[in-house]
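See structure below.
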């Protein structure tokens, strides 16, 4: 077996360097950063329910309210009298 001479070593090093230099980057560009959407506006559930069950809202011709994407807040969780006005109006 012959030892590797400098005449054979130079093209080998050049080929390895050329192959490794192609690994440095990518043509893929990530999309620009988008702003985060604003936080949803919360709707007070007690106020919403009182409006839905109020005397003016219980007509047959009332327009339905879309609630699927509504973000409710429940500030009256521990208030047992939160819906007393609705109950008294129903009696």
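Read-outs throughout are calculated quantities, based only on the coordinates presented, and are distinct from any laboratory measurement. Everything numeric here is computed off the predicted structure, so don't read it as measured data. Cβ placement follows ideal geometry from the backbone for every residue including glycine, while neighbour counts extend to all protein chains displayed.
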So for the pair residue 53, residue 9, with labels modelled 7 Å out along Cα→Cβ, what separation do we get in nm? 9.0
Can you pull the one-decimal nm distance between simple spin-label points at residue 16 and residue 43, each 7 Å off the Cα toward Cβ? 6.9
